[in-house]
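Some notes on the structure that comes next.
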Amino acid sequence: DFSTPEQSTAATKNDWESCMTVNDSWGYLAGDNNWKSAQQLVQNLVECSRDGGNYLLDIGPRADGSVPEPAISRLNTIGGWLRRNGEAVYGTQRCRFPHGNIGVYTRRGNTLYTIVYFWPGNTMTVGGVRCKVLSARFLASGRPVQFEQRGSQLIFGPLPEKPPDEPVTVIAAECDAEPVQDALSSRADPHP
């Protein structure tokens, strides 16, 4: 029927939901200060979306219903990121691109979203792309991203020295067909 892995974003073949905490405890625990970073929480959300899952995040409210400040701060960061980049998460379909070295991919129709966790520097290459890319842009700003295709390599660049969005950056690439990747090319290489 469906699966509910806890503290994991490991997808299953059927419907699934990742149940995760914002720190290490279910519910409020005064001594638990091991807060996940906003970047890690966004990564978890994106990975659930990529694999067709739902993300259930426990924020651990206190007995009086108040939410600890570290949770509020992270939720505000995630909310701001989703306002700019929600298109790469909401209503996406399972993506046939596996995880890369520096990020992950989601898709909606013919749009491939490259969610960059670790900024690669001047260029970034996505290997095994079997469709033609028509255009690319930073999702948060709409600013165009230069790219070229060499066979099945999609090379973004030149890129800004620093990531243009925090906690992770999304590049949306419009393709001429559903974006799929060759089985043998399953990683994003930070250098062409």
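Computed values, structure above
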| quantity | calculated |
| --- | --- |
| Count - residues of the range 55-90 that are assigned to a loop (DSSP other than H, G, I, E, B) and within 21 Å of Met20 (Cα to Cα) | 11 |
| Which numbered condition Val42 fails, given (1) part of a loop (DSSP other than H, G, I, E, B); (2) of a type in the set (Val, Ile, Thr); (3) touching a residue at least 12 places away in the same chain (Cβ under 8 Å) | (1) |
| Residues satisfying the stated conditions in the range 21-34, i.e. open to solvent by less than 60 Å² (accessible area, probe 1.4 Å) and modelled with pLDDT of 90 or more | Thr21, Val22, Asn23, Ser25, Asp32 |
| Among residues of the range 106-137, those that are open to solvent by 40 Å² or more (accessible area, probe 1.4 Å), outside any strand (DSSP E or B) and either of a type in the set (D, E, K, R) or within 16 Å of Pro167 (Cα to Cα) (or both), counted | 4 |
| Which numbered condition Ser66 fails, given (1) surrounded by fewer than 19 Cβ atoms within 10 Å (Cβ to Cβ); (2) of a type outside the set (D, E, K, R); (3) within 16 Å of the chain's Cα centre (by Cα) | (3) |
| Filter result (touching a residue at least 40 places away in the same chain (Cβ under 8 Å) and on the phi > 0 side of the Ramachandran plot) within the range 111-168 | Gly121, Gly128 |
| Exclusive hit being among the hydroxyl-bearing types (Ser, Thr, Tyr), closer than 29 Å to Ile171 by Cβ and modelled with pLDDT of 90 or more, set Ser18, Ser37 | Ser37 |
| Candidates Gly60, Gly86, Gly103, filtered to the one that is modelled with pLDDT of 95 or more and either in contact with a helix residue (DSSP H, G or I) (Cβ under 9 Å, 6 or more places away or on another chain) or under 20 Å from Pro167 (Cβ atoms) (or both) | Gly86 |
| Search result, residues across the range 148-176 that are closer than 25 Å to Leu82 by Cβ and touching a strand residue (DSSP E or B) at 6+ places or on another chain (Cβ under 6 Å) | Phe156, Pro163, Pro164, Val168, Thr169, Val170, Ile171, Ala172, Ala173, Glu174, Cys175 |
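The values are calculated or read from the model by the stated rules, or taken from the named source; none is laboratory data. What you see is a predicted model; the values in this text were computed from it and never measured. Neighbour counts are summed over all protein chains in view; Cβ atoms, including those assigned to glycine, are modelled from backbone coordinates with ideal geometry. Surface areas here come from the heavy atoms of the whole protein model, side chains and all, with no ligands, DNA or RNA. Shrake-Rupley method; radii C 1.70, N 1.55, O 1.52, S 1.80 Å.
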